[in-house]
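To start, the structure under review is shown below, and the notes come after it.
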Ligand SMILES: Nc1nc2c(ncn2[C@@H]2O[C@H](COP(=O)(O)OP(=O)(O)OP(=O)(O)O)[C@@H](O)[C@H]2O)c(=O)[nH]1
Ligand SMILES: [Mg+2]
């Protein structure tokens, strides 16, 4: 497939408060969801090829819904992370509301959802909860296994087998192992985006 050249990136909209409006739908959007610290903002930067999203080694960095407009055509959406145990109850409740609002009010405009899961660990309860919730909503995510540069090739093989097995009970579109640091798997993410955009 012909790659998309990222000619322009603009932080088009930040949704911080419950009443903030979503931007005009344009040709659709691709959202990135996952536990806090799983690497959503890093992955966005890696696929865009520029440092636009804030990355932090401390969980809970992205607290708003950030819409990055690419080539004035479509959006990449950075969602706040869930499952950060040390956040206050109030904060966690707020993030949950923001994410829930996105799925209930805006997922109709989503062309694909990338659900990020850390390749190094077992599936967490909060990931399973998200996957179950997506099934209820009728959304089949692309699962992105992040930070594979931190695994040896034998560990990676073991984890891939584990995730294929544990995810087999869910409706998953594709599993993509990825590293934002080593820039691995990014082409597969682009292929999903290109395929969806070419459907119009
Ligand atoms: N080794 C390695 N580290 C990564 C990778 N992706 C992200 N990280 C690191 O993981 C930490 C969290 O990355 P972020 O991209 O901020 O994670 P996030 O999911 O956006 O986190 P929140 O905004 O808190 O939800 C940072 O220290 C990143 O440098 C990767 O592919 N490989
Ligand atoms: Mg982030």
Check: In what sequence do 118, 125, 187 fall when counting other Cβ within 10 Å, fewest first?
Finding: 125, 187, 118
Item checked: Efficiency of FRET from Cβ geometry, residue 27 and residue 168, R₀ 41 Å, rounded to 0.05 -> 0.80
Next item on the list: Kindly identify region 9-197 as rounded, prolate or oblate by the Cα gyration tensor criterion: order the square roots of the eigenvalues as a ≥ b ≥ c, call it rounded if a/c is under 1.5, otherwise compare a/b with b/c, prolate if a/b is larger, else oblate.
Entry: rounded
Check: What shape does region 120-195 have by the C-alpha gyration tensor, where a ≥ b ≥ c are the square roots of the eigenvalues, rounded means a/c under 1.5, and otherwise prolate means a/b greater than b/c and oblate the rest?
Finding: oblate
Check: Rounded to the nearest 5, what % of the DSSP beta bridges within the chain are antiparallel ones?
Finding: 40
Note to self: For q values of 0.16, 0.27 Å⁻¹, compute log₁₀ I(q)/I(0) with the Debye formula on a Cα-only model of region 10-65, without solvent.
What the structure shows: -0.56, -1.31
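Laboratory data are not the source of any read-out in this text; all were calculated from the coordinates shown. As the structure is a computational prediction, the values presented were derived from the model and not from experiment. Glycine gets a Cβ as well: all are built from the backbone with ideal geometry, and neighbour counts include every protein chain shown.
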